[in-house]
Amino acid sequence: MRVSWGAGLSRRGLLGEATATVLAAAGCTAPAPRRAGPTADPAPGKPIALARDALLMQILAHPDDDLYFMNPDTQRCLDSGVPLVCVYVTAGEADGVNKIPGEPRPPADKAAYSSARHQGLRQAYAAMLGLPPFTAWHKSVTTLRGGHLAETNTLANGSRKVELVFLNLAMHTPQRRMGLPALWSARGLSLRTVVADDSPLREAGSYDHDDLTGVLTGLMDQYRPTVIQTLDPDPDIQHSDDATRRKDSEQPGYSDHADHTAVALFAWKAMARWVAESTERGNEVPAFAATAYRGYYNRHWPKNLPERVLLEKAGHLAPYGGHPDWDCGNAAGCGDYNVGQGRPLTNRKGWVRSTHYRHPGPRTAVATGPDGRLTAYGVLGLRAVRWRETAPGSGQWGAPDDLGGGPLGPVLGAATLKDGRQLLFALRFASFGGRGGPGRREIVLLEQRSPGGEFSAWTGLGNPERQNDRGRRIGSPVAVAAPDGRVHLFVRNADRGLSTRVRATDGSWGPWRDLGGGEVQDGPAAVSDRDGAVHVFASGRDTVHHWVDGALCQEPALTAPGDFPTAVPVPGAAGVDVVYRGPATDRVTTVRIGGAAGPAAGPVLLGNDDRGHVQLRLSGGSVLRRTEGPVALVGPVLHSGPLGPLVVGLGPDAAPWIWRPQYP
């Protein structure tokens, strides 16, 4: 959630009320190079499916991953009438022990525990649909690609609908290895499924690597979602001590559960296969937006949900956790008692207290073309696309043009050259890996040939990391064009610092350089000030880190952040304003760096309110809300065009929308 400003290809959104604190500070030199990198990517020009009725698909490792890590976003989509399909890959049976807090440990029963967790999900989603938690669901068995069978549960409340699909793969192999990570990385392995108690499906099956990829691809092709949500395919490197790691269920060396990572990788591989199969059949590229959420990462960084949002999110886990005294109609159990009775809020791990995106940033980059029409760039079907306004000021978008480059992460970086040409940057999944193969990521570039015109071929800018495993941990690219004509590209690296490459005025790129400094989260903000200095801000654990022209600066005025910063040059004056929220609050702080104190700049995009409405704070402090139209996905942006400031976002139908606020 970002604060966004009305300035060119603009930045992010942020939740809540604003309080301004205006202070001052100053300047600093940069370290030595790393390396350059490879390759060009596939050609553009494929037909893109037009936007259709919205449908959200979530692909999870375990029952409750969505409630812990994707809410409140899931709830906002449901509230706006978007139907939801949740695919749970494992049975969630773990050790089979559904322990009631404070009671003796019961005997293990994996089939019963899996069933109890399914019942907990039914209770939670019934409540999220506005129905009593013990509302009866329609249960059935469906045949999937390759003849695999799965239990499906369906419930509707008017036009609002949830469907749960249980693949129920075992969480462990017979040799006690973790099942999904082994299925992803090993050759020749198959995993049995678990038959849950009280399920209409009574026969176990088995999956190998290709089976699971194919089933997920088939589900996408069957339901044709416009939004796909997963957990993090490339979690941070995290060297916790062994005792802490085991207690927190993190995989060795990384900040998440190994099942989360494996299922996310299968899901992203399936998305790419869905697009490939569709285009190979001569059909259009499926129009969907993808979002990946951090998982156990949440416990390592300051919490970012204000109390009222946290309480709503935790409230949806209460019916999932259930209670043994409930008369829910499921003999195997009425929820996952291990997380019941308020434990999500008291658990020291604090997973529920944050919702973090793996690829934070705006979902559209917006520019005004030479003819006065708006142009928006985004990612659909893991490929870059361009929408053009049908006429200047019409507020209507034409069909998307395919710019190719896939499979790409969901956030594009953008910079505009002095001559008006557009540069687009993306994180590309060069190889998903699996079955012993390496997973590779790279930063790629698309450069416009003429202002408002077509683009040259995609080119590779490499990766600031030398090893493939470390290279998977990099963040989404952020770029800024400086007044001297150079373009500065920034990427979070595997050590959780920042790396940069700089494009010279002749179009050549310098090597990757590590900027050093403390550990930061992804989602840096980059801006050039009136004097041409390039500032970068990124959120650490107890401060917002600041670099000027590649050198780390000490800014005592920058306090602990709860989310990602936004930076903007002060209009008509020296200095930069940096804006961010504190931990677990919706209060916004504005700090002026390197300039005279004065009123905070505006207007400012404050992101979504509690009900998912986009908010815009004007210069005088009043707030406007967008209460009509589709709910905003992550990252709407504020753009200043010839007709004044406007907001562009991506809706759950995977189509962009424009909001031109009516100013008082």
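The values are calculated or read from the model by the stated rules, or taken from the named source; none is laboratory data. Just so you know, these numbers come straight off a predicted model, no measurement behind them. So basically every Cβ, Gly included, is an ideal-geometry build from the backbone, and we count neighbours across all protein chains shown. For accessibility, only protein heavy atoms count, side chains too; no ligands or nucleic acids. Shrake-Rupley method; radii C 1.70, N 1.55, O 1.52, S 1.80 Å.
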**OP:** Pull up the stretch 332-355, narrow it to residues that are open to solvent by 50 Å² or more (accessible area, probe 1.4 Å) and not hydroxyl-bearing (Ser, Thr, Tyr), then point me to the one that is farthest from residue 67 (Cα to Cα).
**Re:** 348
**OP:** Could you list, in sequence order, all residues of the stretch 184-202 that are touching a strand residue (DSSP E or B) at 6+ places or on another chain (Cβ under 7 Å) and part of a loop (DSSP other than H, G, I, E, B)?
**Re:** 189, 194, 196, 199, 200, 201
**OP:** Inspect all residues belonging to the stretch 256-272 and state whether any of them is assigned to a loop (DSSP other than H, G, I, E, B) and closer than 21 Å to residue 73 by Cβ.
**Re:** yes
**OP:** Could you check residue 611 against (1) modelled with pLDDT under 85; (2) over 27 Å from the mean Cα position of the chain (by Cα); (3) among the charged types (D, E, K, R) and say which number it fails?
**Re:** (2)
**OP:** Kindly establish whether residue 107 is open to solvent by 10 Å² or more (accessible area, probe 1.4 Å), more than 23 Å from residue 633 (Cα to Cα) and within 25 Å of the chain's Cα centre (by Cα).
**Re:** no
Original post:
Can you name the condition, by its number, that residue 199 falls short on among (1) more than 23 Å from the chain's Cα centre (by Cα); (2) crowded, with 23+ Cβ neighbours inside 10 Å?
Top reply: (2)
Original post:
Say we look at the stretch 386-437 and pick out the residues that are assigned to a loop (DSSP other than H, G, I, E, B) and in contact with a Phe, Trp or Tyr (Cβ under 6 Å, 6 or more places away or on another chain); which of these is least open to solvent (accessible area, probe 1.4 Å)?
Top reply: 405
**OP:** Mind listing whichever residues of the stretch 481-491 are touching a Lys or Arg at 6+ places or on another chain (Cβ under 8 Å), open to solvent by less than 60 Å² (accessible area, probe 1.4 Å) and in a loop (DSSP other than H, G, I, E, B)?
**Re:** 485
Subject >> Which numbered condition residue 243 fails, given (1) touching a Pro at 6+ places or on another chain (Cβ under 6 Å); (2) surrounded by fewer than 16 Cβ atoms within 10 Å (Cβ to Cβ); (3) small (Gly, Ala, Ser) >> reply: (1)
**OP:** From 475, 453, grab the single residue that is closer than 25 Å to residue 366 by Cα, at pLDDT below 95 and open to solvent by less than 20 Å² (accessible area, probe 1.4 Å).
**Re:** 453
Original post:
Does any residue of the stretch 605-613 turn out to be among the aliphatic types (A, V, I, L, M) and either out of contact with any Lys or Arg (no Cβ under 9 Å at 6 or more places or on another chain) or open to solvent by 10 Å² or more (accessible area, probe 1.4 Å) (or both)?
Top reply: no
**OP:** Could you please give the count of residues in the stretch 292-308 that are part of a helix (DSSP H, G or I) and over 14 Å from the mean Cα position of the chain (by Cα)?
**Re:** 5
Original post:
Considering only the stretch 130-177, how many residues are surrounded by fewer than 16 Cβ atoms within 10 Å (Cβ to Cβ) and either of a type in the set (Gly, Ala, Ser) or assigned to a strand (DSSP E or B) (or both)?
Top reply: 14
**OP:** Output yes when any residue across the stretch 637-647 is more than 20 Å from residue 373 (Cα to Cα), touching a strand residue (DSSP E or B) at 6+ places or on another chain (Cβ under 9 Å) and open to solvent by 30 Å² or more (accessible area, probe 1.4 Å), and no when none is.
**Re:** no
**OP:** Inspect all residues belonging to the stretch 179-189 and state whether any of them is within 26 Å of the chain's Cα centre (by Cα), farther than 21 Å from residue 114 by Cβ and open to solvent by 30 Å² or more (accessible area, probe 1.4 Å).
**Re:** yes
Original post:
Under 6 Å by Cβ, and 6 or more places apart or on different chains, what pairs join a residue from the stretch 568-583 that is under 17 Å from residue 557 (Cα atoms) and open to solvent by 30 Å² or more (accessible area, probe 1.4 Å) with one that is in a loop (DSSP other than H, G, I, E, B) and charged (D, E, K, R)?
Top reply: 583/303
Original post:
So, of the residues in the stretch 65-87 that are in a loop (DSSP other than H, G, I, E, B) and either polar (S, T, N, Q) or under 18 Å from the mean Cα position of the chain (by Cα) (or both), which turns out to be surrounded by the most Cβ atoms within 10 Å (Cβ to Cβ)?
Top reply: 71
**OP:** Just name the residue that is farthest from residue 208 (Cα to Cα) out of those in the stretch 446-482 that are among the hydrophobic types (A, V, I, L, M, F, W, C) and touching a Gly at 6+ places or on another chain (Cβ under 8 Å).
**Re:** 482
Original post:
In the stretch 438-480, how many residues are assigned to a loop (DSSP other than H, G, I, E, B) and among the aliphatic types (A, V, I, L, M)?
Top reply: 2
Subject >> Out of 523, 517, sole residue that is assigned to a loop (DSSP other than H, G, I, E, B) and open to solvent by 10 Å² or more (accessible area, probe 1.4 Å) >> reply: 517
**OP:** Taking residue 537 as meeting all but one of (1) assigned to a loop (DSSP other than H, G, I, E, B); (2) touching a His at 6+ places or on another chain (Cβ under 9 Å); (3) of a type outside the set (Val, Ile, Thr), write down the number of the exception.
**Re:** (1)
